[in-house]
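Remarks on the structure that follows.
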Amino acid sequence: MKYQKRALRVAAALTLTGFVASQIPMRGQTALGSVRPPSSVQPADGYLTGNTDNSGSFLGIRGLTNRNAITGIALGLLGFGAYSTILDSRAIGAVGAAAGAGTGNNLNSTLLAGAGNKPIYDVLKSMPGDFVETVKLVDDAELVTELREGGPYTFLAPTNSCLTLDSAALTKLHAPENKTSLISLIKRHTVKGRYKISDLLEMKDGATVENLLGDKLTISNKNGTLMISNTLVAQNDIAASNGWIHPIEAPIEEL
């Protein structure tokens, strides 16, 4: 319906513009229904003077002809149509940015759908298309309570695509005898404090943030590319009640 209304506005404006254009005198011609004046009053450039407009006065207003009024209305409609189109385009662009900002990093379009009233773990769990493997790791590490009730944290979440690149290593992490390493892995990706992408980009190149292991993760911020400990960070803010989630392209290696 929104597009139909916009199309109707533009069509009406174009119709009025076409009508007005047919009434405007052109070189060597007079407007429809008007009378060609004597050649003595024809200007040298071949156009008619304003005195030839016999379209009648608009609502009896002296000096304002019907043609002037129609021209003004048509231009007004065109301006309104253009303005509405710009607003609609901006709104659509904003929605598209919010819904699919992750597509440039091959992430699922639901990335930004995380509700800010849910804790980090529940937001991750609500996005199985992107983080089901990370959720399984958190479950096996028994750190669900930490990511639900602790914080505020900034969780650097490996996506399914990067974790499944090495299926053997992933299977090994789930082994009970490797639980200590798994706990360290999850804590390595959990940064103390609440950092949006804009906060990280404002930090100087070489600045550090601290994770739950006490490690200092180095931030590289060059030419708009954000990396943490040599791992590319997808520039998406996923809101959680106890912090933020940022997808990453590969697991952070042990320091």
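Read-outs throughout are calculated quantities, based only on the coordinates presented, and are distinct from any laboratory measurement. Since the model is a prediction, treat every value here as computed from it, not as a measurement. Here the Cβ positions follow ideal geometry from the backbone for every residue, glycine too, while neighbour counts run over all protein chains shown.
Structure shown: which of LYS136/LYS179; LYS196/LYS222; LYS136/LYS192; LYS125/LYS216 lie over 19 Å apart, alpha-carbon to alpha-carbon? With Cα atoms farther than 19 Å apart: LYS136/LYS192; LYS125/LYS216. Sorting 160-169, 70-79 by average packing, meaning the other beta carbons within 10 Å per residue, from highest down gives 70-79, 160-169. Bridgeable aspartates and glutamates around LYS172 (alpha carbons under 14 Å apart, same-chain partners fewer than 8 residues away excluded): GLU133, ASP140.
Just the Kirkwood number for the range 122-199, please: inverse of mean 1/r across all distinct Cα pairs, in Å, one decimal. Walk me through the numbers before you get to the answer.
Numbers: mean 1/r = 0.0767 Å⁻¹.
One over the average 1/r among Cα pairs gives 13.0 Å for the range 122-199.
Grab the other residues whose beta carbon is less than 11 angstrom from that of PRO251, score K and R as +1, D and E as -1, and report the net. Net charge around PRO251: -4. Compactness of the range 148-255 is given as radius of gyration and Dmax, 13.8, 42 Å, from Cα positions.
Extending 7 Å from the Cα toward the beta-carbon at both ASP139 and ASN230 defines two label points whose distance is 3.3 nm. Taking amide H as placed 1.01 Å from N in the peptide plane, the amide H of ILE248 sits under 5 Å from that of ALA157, THR159, ALA234, each at least 5 places away or on another chain.
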